[in-house]
Structures are given as C-alpha cells and as structure tokens.
Amino acid sequence: MRHLRPDFHEMAPEAPAKLVVACARCATANRVPAERLADDPKCGKCGAPLLDGKPAVLDEQKFESFVGRSELPVVVDFWAEWCGPCRAMAPAFERAAAELKASARFAKVNADAAPGLSARFGIRSIPTLMVFRAGKELARISGAMDARSIVRWVAAHAGPPSA
C-alpha cells in the first residue's frame, strides 16, 4: 500500500549538529553548528568571540557556567603565581589553546584564588591540567608540559565531539 504523505524523515533534511559553547565574557550558552566552529563564532548576547584561542580566566563563580555548559572539551590549567613550573608552562598552554581553538576550550584557574575548586577536584600538585566535557572530568595530568605535549595529551583524552 502506498502512502499519500512521505515519511517525516524523508521530508525534513537532517539538521546540522550544533554544540553548546559558553561565552567566557557573559556566560551565555551559544549553539554553534559543528561545521562553523573554525569560522570564529561570536556570542549571540555580547558579541565576544567564542573561540578566540586564548585561555579564559576562571574563578569559582565562572567555572560552572564555562566548564559545565560546554559541549566542546575544556582544558583547565590549575596554577599559582608563585609556581615556577606554572609560569614556565604558561606560554606553551597559550600556544596549545591557539592551535586547538576550534576543537577545545582552554581555561586557567588560580588554585590559590579558588581554594574551593582546588579542594573539590583534589588538586595536590600544580600545574595540573584537567579535561572536562559538559562538566565531567575526562582526564588529568600534573607537571609542566610543552605545547606539543599538551596538544597530544588533549587529542588523546578529549574524545570525539558530542553533537
């Protein structure tokens, strides 16, 4: 028997996958088509670049809105101003953030200024890098790394995009 109306799946083209990306400036959740992540998307509310390739500076208040809402992996560097290895790794972390800007978000948390986050995640050594997706920890590593090592580590632990 022939249907007069085509099946719904035949009528509607498949929608492009969209990922939620939280704005580092205003914390607004933005839906960005996966294929447009490399096109320098901007926040729909404040107009700030969403993926500018620079690590966001997070405190305890901004952490949840930035890390918990992002469907892109978020790489967080727990560091301290007095820490020599942390300061030495900072330029490498920034280079890795620029290189992976369309596939991962990068953020820095000053462990001394955010003791609640340090306690919550059991930070015992700095620098400590952690990868999150939608607020869930995927991996962590402690110790200073160069940019290449950070990029390889993120690629190995971030997992496929969740669209």
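Here, each number is a calculation from the coordinates, and none is a lab measurement. Here the structure is a predicted model, which is why all the values come from computation and not from measurement. Cβ coordinates were reconstructed from backbone atoms using ideal geometry, including for glycine residues, and neighbour counts include every protein chain displayed.
Ignoring lysines fewer than eight residues from Lys18 along the same chain, the ones with Cα atoms less than 18 angstrom from its Cα are Lys42, Lys45, Lys101. For the range 24-101, applying the loop criterion from DSSP together with a ceiling of 11 other beta carbons within 10 Å to the GluC sites (Glu not before Pro) yields Glu81. In loop segments of the range 73-135 as defined by DSSP, the trypsin sites (Lys or Arg not before Pro) with at most 11 further C-beta atoms inside 10 Å of their C-beta are Arg124.
Relative to the dominant Cα principal axis of the chain, helix 84-99 is inclined by about 20°. With both labels modelled 7 Å from their Cα along Cα-to-Cβ, the Ala156 to Arg31 distance reads 3.6 nm.
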